[in-house]
Amino acid sequence: MNIVLIGPPGIGKGTAAVKLSKKLNIPHIATGDMLRENVANKTELGIKAKSLMDKGALVPDDLVIGMIKERLQRDDCKNGFILDGFPRTINQAEEIAKVVKTDRVVNIQASDDVIVDRLSKRKVCEQCGFTYHLEYIKPNREGICDKCSGMLYQREDDKPEAVKERLKVYKEKTEPLINYYKEKGLIVAVDGSGTPEEEFELVLKAVS
Ligand code: AMP
């Protein structure tokens, strides 16, 4: 099954996708993670993307589309995949529809207040990328990753100014995708304001 998760930043797409990927045994493909890896490795793509990402703007469509098309061609995507953070524009959705079909789109929703609160409490491992939340998904030792003992940090784009920009960009560029997929009969809405466990159960139901 080819699944797309849509929703504002911080809604928990990544956390739900990690669990869904284990449950369905299909890869979790997060364009944000792929871009951050490029930034860390100082690739040509990473160098072009960094300043845009830091301020909460989108990376140009052609760069992201090229990266994702290459990823979807790999063998592990044969039985399906979970896209997290892609597509983010109508153009991206149209481009990807030329190479793969989408079976289900899960639209995870919550109020701006919930999102801002979530992002301000999010911490990420600088080594393995695992995402914590200081209330719901707490590390055992403060500031240290349970999985790999890496240091936890706050993403540059989780700081208040960038969060404002990301929410604006989401409303302008990504929200129109909800109607786009609604017209194709692919969308299922899910409440993302509960705990990560509650959210995962709803996402699982939406793809079952
Ligand atoms: P995320 O981890 O999904 O919140 O993504 C972090 C940042 O990566 C976004 O704010 C964008 O700057 C960039 N990014 C991730 N996915 C995309 C995409 N599909 N299109 C454009 N930019 C993206």
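The values are calculated or read from the model by the stated rules, or taken from the named source; none is laboratory data. None of these values were measured; they are calculated from a predicted model. Positions of Cβ are generated from backbone atoms using ideal geometry, with glycine treated the same way; all protein chains shown enter the neighbour counts. When the accessible area is computed, the model is the full protein with side chains, heavy atoms only, and any ligands, DNA or RNA have been set aside. Shrake-Rupley method; radii C 1.70, N 1.55, O 1.52, S 1.80 Å.
The table below gives the values:
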| read-out | value |
| --- | --- |
| Any hit, segment 185-204, residues being under 25 Å from residue 53 (Cβ atoms) and modelled with pLDDT under 95 | yes |
| Single residue of 41, 2 found to be farther than 25 Å from residue 133 by Cα and either of a type in the set (Ser, Thr, Tyr) or open to solvent by 30 Å² or more (accessible area, probe 1.4 Å) (or both) | 41 |
| Unmet criterion (only one of (1) without any contact (Cβ under 8 Å) to a residue 60 or more places away in the chain; (2) part of a helix (DSSP H, G or I)) for residue 194 | (2) |
| Lone unmet requirement of (1) open to solvent by 30 Å² or more (accessible area, probe 1.4 Å); (2) of a type outside the set (Asp, Glu); (3) within 15 Å of the chain's Cα centre (by Cα) for residue 99 | (3) |
| Candidates 114, 207, filtered to the one that is open to solvent by less than 50 Å² (accessible area, probe 1.4 Å), farther than 21 Å from residue 81 by Cβ and of a type in the set (Val, Ile, Thr) | 114 |
| Residues of segment 138-158 satisfying the condition of being open to solvent by 40 Å² or more (accessible area, probe 1.4 Å) and either under 24 Å from residue 49 (Cα atoms) or not charged (D, E, K, R) (or both) | 140, 144, 148, 149, 151, 153, 154, 156 |
| Residue list for segment 74-96, filter: over 17 Å from the mean Cα position of the chain (by Cα) and aliphatic (A, V, I, L, M) | none |
| Per-region count, segment 194-204, residues more than 18 Å from residue 2 (Cβ to Cβ) and more than 16 Å from the chain's Cα centre (by Cα) | 6 |
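Condition check ((1) surrounded by fewer than 19 Cβ atoms within 10 Å (Cβ to Cβ); (2) of a type outside the set (Lys, Arg)) across all residues:
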position	(1), (2)
26	no, yes
51	yes, yes
64	no, yes
71	yes, no
